[in-house]
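Here's the structure, in structure tokens; my notes come after.
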Amino acid sequence: MKTSPANSFLAFMTWFIGMVLPSDASVIGGRVLAWGRNDYGQINVPANLTNATAVAGGYSHSLALRENGTVVGWGRNLENQTNTPAGLNDAMAIAAGTSHSLALRSNGTVVIWGANNFGQTNIPVGLSGVAAIASGANHSLALRSNGTVVAWGHNSVSQSNVPGTVTNVIAIAAGGDHSLALRQDGTVVFWGYQAFNPPNPSLSSIAVIGCGMEHSLAVRSNGTLAAWGLNSHGQTNVPPGLTNVATALGGLAHSFALRKNGTVLGWGNNSSSQTNVLSDLTGVRAIAAGGSHNLVIVDSATVLPAPWFECSPQRPLLTSTGLVLRIKGLIGSGFVVLTATTNFVDWDPITFRTSFVGDLDYVHTSATNRPWRVYRVSESR
């Protein structure tokens, strides 16, 4: 990522990628949207979350940074990765690994919480002057203001062994078991696991870097995108004609890009609908990719295009007939899926087919006398 990007778009990078330089922190607080896999509630954005300036995605958890420097977490929490440390109110950047989370404080120090099975939360003694952070699956990176990089945590394939050639760095990114650094001269340094992800010697004039689990992405200064590494699901097949890219990053086996016009595009594995980006979703300010889910920040006043439905009420009315839910803005395209829960642990899809256009009072008869709460509605052909 450039130290001073020419545009106001900013990817606050996520699982397998997480960095931001303080001078980049120009995203105005907005509203967080999420879609994709939801087995741990990782796309259930808290209703009271406002003024978000950054988002990050772990394998099954999500983070958001607010304008006031506080951090909110949700999703899987078995390793306390969403339990933001008390007193953290001056965060400038966030990042997320498989089961750990990081925050960069305004004083240049780092705070980490969550799983520590590989020492990924053991911040090196005396680490200060940090300008950016990144997280791999089980390792962590910090970029100092002097352009050097520090890494710690899992090191099975030398992903935490920073090469001596890594100097004059302006951006960092981390994949499952590999790491990237972007130098001031627009070249990229790679270290760690290389079986599916060898360094790309043809990279030059690079402005932004990103990683997925076993693949990497690089945005050139002309807005075009290069991708390489494991391509099991087409995650490195850059869509033809993709230009004006502001940033790009990856999840487990999918890729996600933000264009300079505020639109987003996804490709690769779509098993959890993580690449089903709405063509009419605009005004996106920042993006993140988790294992199999995505997060974006849009303006707080943005009117969500179908199929981002507003459910009314969010706690549906239960009657002797069943659950009654008013779904607003149906476009009659085919299948409708409600994501609902009775216990905040098990997430059940309720699917029905309709050609109805407009606001529909839907009755789910099998939900009688069950405390359902609906979190998301989507519509697809």
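The values are calculated or read from the model by the stated rules, or taken from the named source; none is laboratory data. The structure displayed is predicted, hence computed values, not measured ones. Note: ideal-geometry Cβ built from the backbone for every residue, glycine included; neighbour counts use all protein chains shown.
Using the structure shown, decide if residue 142 is touching a residue at least 24 places away in the same chain (Cβ under 8 Å), in the same structural domain as residue 71 (by TED's automatic domain parsing), within 21 Å of residue 287 (Cα to Cα) and more than 17 Å from the chain's Cα centre (by Cα). Spelling it out, residue 142 is indeed touching a residue at least 24 places away in the same chain (Cβ under 8 Å), in the same structural domain as residue 71 (by TED's automatic domain parsing), within 21 Å of residue 287 (Cα to Cα) and more than 17 Å from the chain's Cα centre (by Cα).
For the stretch 128-175, the set of residues classified as outside any strand (DSSP E or B) and among the β-branched types (Val, Ile, Thr) consists of 148, 157, 162, 165, 166, 167, listed by residue number.
The residue that is modelled with the lowest pLDDT, among those in the stretch 269-320 that are in a strand (DSSP E or B) and among the β-branched types (Val, Ile, Thr), is 298.
From the list 151, 132, which one is in contact (Cβ under 8 Å) with a residue 40 or more places away in the chain and assigned by TED's automatic domain parsing to the domain that holds residue 251?
Exactly one of 151, 132 is in contact (Cβ under 8 Å) with a residue 40 or more places away in the chain and assigned by TED's automatic domain parsing to the domain that holds residue 251, namely 132.
Counting only residues that are surrounded by fewer than 21 Cβ atoms within 10 Å (Cβ to Cβ) and in a strand (DSSP E or B), the stretch 28-81 holds 5 of them. Every condition in (1) buried (at least 23 other Cβ atoms within 10 Å of the Cβ); (2) under 16 Å from the mean Cα position of the chain (by Cα); (3) closer than 17 Å to residue 196 by Cβ holds for residue 275 except the one numbered (3).
Only one of the numbered conditions (1) surrounded by fewer than 24 Cβ atoms within 10 Å (Cβ to Cβ); (2) on the phi < 0 side of the Ramachandran plot is not met by residue 216, and that is (1). Those residues that are charged (D, E, K, R) and within 19 Å of residue 37 (Cα to Cα), I need them from the stretch 80-110; list them, please. Residues satisfying the conditions do not exist here. Being at pLDDT 95 or above and closer than 24 Å to residue 290 by Cα is a property that residue 114 has. Here residue 103 meets each of (1) touching a Leu at 6+ places or on another chain (Cβ under 8 Å); (2) more than 23 Å from residue 145 (Cα to Cα) with one exception, condition (2).
Taking the stretch 110-134 only, how many residues are closer than 17 Å to residue 181 by Cα and in contact with a His (Cβ under 7 Å, 6 or more places away or on another chain)?
Of the residues in the stretch 110-134, 0 are closer than 17 Å to residue 181 by Cα and in contact with a His (Cβ under 7 Å, 6 or more places away or on another chain).
When 181, 195, 207, 174 are screened for being surrounded by 21 or more Cβ atoms within 10 Å (Cβ to Cβ), farther than 22 Å from residue 120 by Cα and not basic (Lys, Arg), only 207 passes.
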